[in-house]
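A.B. asks: Below you'll find the structure I mean.
The values are calculated or read from the model by the stated rules, or taken from the named source; none is laboratory data. Just so it is clear, the structure is predicted and the values come from calculations on it, not from any experiment. Please note: Cβ atoms are built from the backbone with ideal geometry, for glycine as well, and neighbour counts cover all protein chains shown. What goes into the accessible areas is simple: the full protein's heavy atoms, side chains included, and nothing from ligands, DNA or RNA. Shrake-Rupley method; radii C 1.70, N 1.55, O 1.52, S 1.80 Å.
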Amino acid sequence: MNTSVPRGRKAVARLLFGAALATLMAVSTGGAATAGTAVDAGPGSGSTVSARSDAYLKDTASDVGSEPHGAILSSFFNSPDVKICAGPTLPCVHSNPVVGSTSYVHANIRRDGPYGTGLSVGTLRAYYTTSGGGAIWPTDWTPIGSTPVAVAPGVTAVTIPWVNVPSLGHFCILLRWESATDPMTFEGPATSINTQYNNNIVWKNANTVSVGGGGGIIDRPFAVANALNVPAPFDIAVRPLAEPVPGLRVVADLGPELFARWQQAGQQGEGIRVVGRNQIEFADPQRATIKGIRINPGERPVLKLSFSTVQPLQKSYGLQITQVGPLREPGESFVVGGVDYTIEPGRAQG
């Protein structure tokens, strides 16, 4: 699914990103550990690690570890290599963590990516933030836990306990693989850039919404952020991941401050309508966008998204909500983050 800019602008975006980051990537991937050197694998390992190793996690199903992974405007924020589950054992189904419980972050780390081979030893670290679009590294991220790992050939399954899930209830998850012989290419404030240009970093932002069709409403937070050092306009876009969800209604409550900014910018949008004080409905299930909400640097306001259906659902559907706007300078249009929602039949509950 393409949720963003025309093909011509997409090509230009790739060139801009490549030109800006090529030098950093060349230095990091070529100079961090040169051929013929070795690094101690750690106490008790009994071996050394020949440079350079390359373990990675997938941003998307087609990701093979390339930096960037090749799909700048894809659903890079929903890694297939990460699940949150209620129990410590596999297999399990990704689910919303339960407030106050111990949940478990399960991840797959893959060895021998395109930039190196051999034993890869390091630490996998997990973080969380409010579910939503953009997020600033490291300001918006809170540690969950970490574990040391020696990555075996093939795929290594890793589990990190998440003790006492906080009251927020709905989250983005970020995983970072840190290794002396497998360095990051670079890290800046934009989580989206860091994720797409480091095969050591993945983002998991998927949420389940159970709606019953009997008038019940499910609310979800959706945080937005601006990685620039100047105010900039951003869009909130809704698209079905496959077929539209029958009878689905999604309303965004911007709150008084963001709603006033949107009005001042001309109340721009596509497939939307104002339905109440500070509230905008995504009326077109195929293509709806709230356009031009000004976000200031250093803030991360949280919208409230309300989901309901007018009829019972017979199966589950996919819905994607993204934040679209600039990453490096005003005037750009990129997906800077988002959430893939599973809209499933069931009794309305949080």
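A.B. asks: Under the Kirkwood approximation for Rh and a Cα-based Rg, what ratio Rg/Rh is obtained for segment 83-124?
C.D. replies: 1.14
A.B. asks: Tally up the carbon and sulfur contribution to the accessible surface of segment 47-160 as a whole percent, 1.4 Å probe, everything protein left in place.
C.D. replies: Of all accessible area on segment 47-160, carbon and sulfur atoms account for 57 percent.
A.B. asks: Between Ala86 and Gln314, what's the calculated FRET efficiency when r is the beta-carbon distance and R0 is 41 Å? Round to 0.05.
C.D. replies: 0.95
A.B. asks: Grab the alpha carbons of segment 251-334, take their convex hull, and tell me the volume per residue in Å³. Can you show the working numbers first?
C.D. replies: Numbers: hull volume 10.0 nm³, N = 84.
Here the figure is 120 Å³ per residue.
A.B. asks: For the pair Gln263 and Glu178, how long in nm is the line joining their label points, each one 7 Å along Cα→Cβ?
C.D. replies: 4.7
A.B. asks: So, one more: With the calculation restricted to Cα positions, what are the radius of gyration and Dmax of segment 56-207 in angstrom?
C.D. replies: Rg then Dmax for segment 56-207, in Å: 14.4, 42.
A.B. asks: For Gln320, what residues show an amide H to amide H distance below 5 Å, using hydrogens built from the backbone and excluding near sequence neighbours?
C.D. replies: Arg239, Leu241, Tyr341
A.B. asks: Per-residue counts of other Cβ atoms within 10 Å, averaged by peptide: what ranking do you get for 236-242, 274-280, highest first?
C.D. replies: 236-242, 274-280
A.B. asks: Whose amide H sits under 5 Å from the amide H of Val336, counting only residues 5 or more places off or on another chain, with H placed in the peptide plane?
C.D. replies: HN-HN under 5 Å from Val336: Gln323, Val324, Gly325.
A.B. asks: Sticking with this structure for a sec: Any idea what log10 I(q)/I(0) is at q = 0.13, 0.14, 0.23, 0.25 Å⁻¹ for segment 199-274, Debye with uniform C-alpha scatterers and no solvent?
C.D. replies: Those come out to -0.61, -0.70, -1.39, -1.46, one per q.
A.B. asks: Once each part is reduced to its C-alpha centroid, what is the distance from segment 232-263 to segment 137-173 in angstrom?
C.D. replies: Here the two parts' Cα centres lie 29 Å apart.
A.B. asks: Between Thr117 and Asn164, what length in nm is gained on full extension when 0.36 nm per residue of separation is reduced by their alpha carbon distance?
C.D. replies: Result: 13.2 nm gained on full extension.
A.B. asks: I need the semi-axes of the equivalent ellipsoid of segment 209-350: take the C-alpha gyration tensor, multiply each eigenvalue by 5, square-root it, list largest first in whole angstrom.
C.D. replies: Whole-Å semi-axes of the equivalent ellipsoid: 27, 15, 13.
A.B. asks: Translational diffusion coefficient of segment 295-334 at 10 °C, 1.306 mPa s, Stokes-Einstein with Kirkwood Rh over Cα pairs, in µm²/s as a whole number.
C.D. replies: Values: Rh = 14.0 Å.
Reported coefficient: 113 µm²/s.
A.B. asks: A further question on this structure: Compute the relative contact order of segment 82-173 as a whole-number percentage, counting only Cα pairs closer than 8 Å that sit 6 or more residues apart in sequence.
C.D. replies: RCO, segment 82-173: 38 percent.
A.B. asks: So, one more: Kindly write out, for segment 122-127 in residue order, the coupling ³J(HN,Hα) from the Karplus curve 6.51 cos²θ - 1.76 cosθ + 1.60 (θ = phi - 60°), rounded to whole Hz, with x marking Gly and Pro.
C.D. replies: Once rounded to whole Hz, the list reads x, 10, 9, 10, 10, 9.
A.B. asks: Whole percent per 10 Å bin, from 0 to the bin with the longest distance: what is P(r) over all C-alpha pairs of segment 233-275?
C.D. replies: Once binned at 10 Å, the Cα pair distances of segment 233-275 give 20, 54, 21, 5.
A.B. asks: For segment 137-253, would you read off the P(r) tail past 23 Å as a percentage of all alpha carbon pairs?
C.D. replies: 50
A.B. asks: Something else now. Quick check: pseudo-label points 7 Å beyond the Cα along Cα→Cβ at His94 and Asp284, how many nm apart are they?
C.D. replies: 2.8
A.B. asks: Using a 7 Å offset from Cα along Cα-Cβ at Thr139, what residues in segment 284-326 end up with backbone N under 13 Å from the label point?
C.D. replies: It comes to 295-301, nothing else.
A.B. asks: A further question on this structure: Can you tell me the length gained on complete extension of the stretch Arg273 to Ala157, counting 0.36 nm per residue apart and subtracting the Cα distance?
C.D. replies: Net length gain for the segment: 37.2 nm.
A.B. asks: Here's something else I'd like to know. Please state the relative contact order of segment 271-322 as a whole percent: Cα pairs under 8 Å, 6+ residues apart?
C.D. replies: 21
A.B. asks: Apply the Karplus curve 6.51 cos²θ - 1.76 cosθ + 1.60, θ = phi - 60°, to the phi angles in segment 175-186 and return the couplings in whole Hz, x for Gly and Pro.
C.D. replies: Calculated HN-Hα couplings, in order: 10, 10, 9, 10, 8, 4, 9, 9, x, 5, 5, 4 Hz.
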